[in-house]
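Here the structure is laid out as structure tokens; the discussion comes afterwards.
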Amino acid sequence: MKLSPFAAQVLFLLLALVSSSLVAVVAGVLSCATGTSIAGSVLYGGGAFILWMTLSVTVLTALGLLGGAGNSGP
């Protein structure tokens, strides 16, 4: 069974989303364990999510797995 390019891109984005969520939870729990307030821990987790998701999408695009500049234009 062969996946279409669109289905593969969706799976890569889903993997980036799940891994970003895991990184955010770990960052939030670790910051809470050091005595940070709940609101501060949520902010740490949100920052980690944004950072990891941006890094993941950038790397996937650079590797050509999310399309990128090569697929745009006529």
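Tabulated values for the structure
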item	result
Which listed residue is modelled with pLDDT of 95 or more and either under 20 Å from Ala16 (Cβ atoms) or β-branched (Val, Ile, Thr) (or both), from Leu65, Leu43, Leu55	Leu55
Residue match in region 58-72 (condition: of a type in the set (Ser, Thr, Tyr) and touching a residue at least 24 places away in the same chain (Cβ under 8 Å))	no
Hits in region 25-38 - residues which are among the polar types (S, T, N, Q) and surrounded by 15 or more Cβ atoms within 10 Å (Cβ to Cβ)	Ser31, Thr36
Test: residue in region 39-53 that is loosely packed, with under 13 Cβ neighbours inside 10 Å and among the polar types (S, T, N, Q)	no
Residue tally, condition of a type in the set (Val, Ile, Thr) and surrounded by 13 or more Cβ atoms within 10 Å (Cβ to Cβ), over region 11-24	1
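The values are calculated or read from the model by the stated rules, or taken from the named source; none is laboratory data. Note that the structure is a prediction, hence the values are computed from the model and not measured. Don't worry about glycine lacking a Cβ; one is built from the backbone with ideal geometry, like all the others, and counts go over all protein chains shown.
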